[in-house]
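Chemist: Sending over a structure as C-alpha cells; questions will come in a sec.
The values are calculated or read from the model by the stated rules, or taken from the named source; none is laboratory data. Please read these numbers as outputs of a predicted model, since none were measured by experiment. Virtual Cβ from ideal backbone geometry, glycine too; neighbours counted across all protein chains shown.
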Amino acid sequence: MAIPIIHFWQRYFDNLDEGLGSTYERFIINDVLFKAVYHYRIMNAIETPSFGFTGLSGINSLCLAMKNVDMTITDSDPERLERIKKVWSETAFKAHFDLIQDYGKLPYIDNSFDMAWNFSALWFVPDLKEFLFELSRISRKIILIMVPNRTGLGFLSQKFTGKDDLKKYLKEENIIPINFIKPLEKMGWKLMHASLIDCPLWPDIGMSKEDFLYKIFYPFSIGNSALAPPVSLRAGREGGGFPLSILNYYQGKDLNLKNKVLKYNFLEKHAPDFFKKFWAHHHYYLFLKGRI
C-alpha cells in the first residue's frame, strides 16, 4: 500500500529507479489496457485521477499513447503535473495534461472520451458519488477502475501497520468494490469484466523485491548457476546498468525489459483464483456503457 507516497511522492520523480515490483506491475497493467483498447476500439482516453499508489504518476498511460490512443492525464497538484509532463517529454509520446481543482466537476463536455480509467486512486477522491457521476458523464464507451486487493495478505498487513495514516489521509470506503459498482450500475453501466491482477512471485510487501528474490534464490544457487539470483535485475541499483524503470522500455533503451520482468509471472498465469484472492496485489473492474 506504501502509504509514505502521500508525503514523499517527489522522490519517485527524483529517482526513476522504481525497482522490480513496480516495473512488473506496470507491464501487467499494460496488458489489461491493451486488451481494452483492442476489444472496445478506444481512440481517446483519460486517466483521472493519475495520482495513486503507483510511484511515478501518469506513467501507466504511456502504453496507451504507444497504441496511438489520444491521452489526457489529470492531476490536482500543479508541481506533480509538471513533473508528469517532464517524464512524458523524455519519450516520443504525447498527451494532454490538465490541472483539476475539483474532481466533482470535471472540465469536459459529455462523452468526451472513449475510456476513463484510474489506478489505485479512488481513495484520494473527496466525494466518490460526485466523481463517479462525472466519470459517467464524460465517458462514451468504458470505465476501467483498478483498486488494491483488499483481501490480499500484503494489503492487510500494510493496512494494520499504517492504520493511523489510512484513517487520516485516505478514504478506504472509496475502494470497496460495492461502493463504486452499484452507483455505476444505477447510472447505466454494466460490469463486463473483473479480475485479480498483479500476482508475481513476491508478496505485496514494502521491502525491495530484488532483495526478496535474492534471499529466496541464494540458498539454492550455491554451486548451481541455473538457480543464480536475479543479479541482472539488481544491476541498475548496484551501478551496473540502467535504473530499473519501464521508462527505459518506452525510451527504447531496454526493449527486452518486458521479457526480463515477466519471467516472474508464473503465478499470474497459473495460480487459481482462490490463491490470487490472498496473493494478488490489485483488482480491476471494467464497465461498459449500457442502454439507459
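Chemist: Looking at 184, 191 in this structure, which one is modelled with pLDDT of 95 or more, more than 24 Å from residue 7 (Cβ to Cβ) and crowded, with 19+ Cβ neighbours inside 10 Å? Give the steps one after another, and end with the answer.
Modeler: Values: 191 fails: crowded, with 19+ Cβ neighbours inside 10 Å.
On inspection, the qualifying residue turns out to be 184.
Chemist: Would you be able to say whether some residue in the stretch 60-72 is among the acidic types (Asp, Glu), part of a loop (DSSP other than H, G, I, E, B) and more than 16 Å from the chain's Cα centre (by Cα)?
Modeler: no
Chemist: Keeping to the stretch 185-204, report how many residues are outside any strand (DSSP E or B) and out of contact with any Leu (no Cβ under 8 Å at 6 or more places or on another chain).
Modeler: 3
Chemist: Determine whether residue 78 is over 19 Å from residue 27 (Cα atoms) and crowded, with 17+ Cβ neighbours inside 10 Å.
Modeler: no
Chemist: For the stretch 241-271, what are the residues that are within 22 Å of residue 68 (Cβ to Cβ), surrounded by fewer than 18 Cβ atoms within 10 Å (Cβ to Cβ) and in contact (Cβ under 8 Å) with a residue 40 or more places away in the chain?
Modeler: 251, 258
Chemist: Being touching a strand residue (DSSP E or B) at 6+ places or on another chain (Cβ under 6 Å) and of a type outside the set (A, V, I, L, M, F, W, C) narrows it down to one residue among 18, 47, 25, 79; which is it?
Modeler: None of the other options fit; the residue is 47.
Chemist: Now, a different point. Which residues, taken from the stretch 98-125, are under 18 Å from the mean Cα position of the chain (by Cα) and under 28 Å from residue 249 (Cβ atoms)?
Modeler: 115, 116, 117, 118, 119, 120, 121, 122, 124
Chemist: How many residues are hydrophobic (A, V, I, L, M, F, W, C) and under 12 Å from the mean Cα position of the chain (by Cα) when one looks only at the stretch 45-59?
Modeler: 4
Chemist: Residues to consider are 93, 8; find the one that is among the hydrophobic types (A, V, I, L, M, F, W, C) and modelled with pLDDT under 95. Full working, then the answer.
Modeler: Values: 93 fails: modelled with pLDDT under 95.
Going through 93, 8 in turn, just one is among the hydrophobic types (A, V, I, L, M, F, W, C) and modelled with pLDDT under 95: 8.
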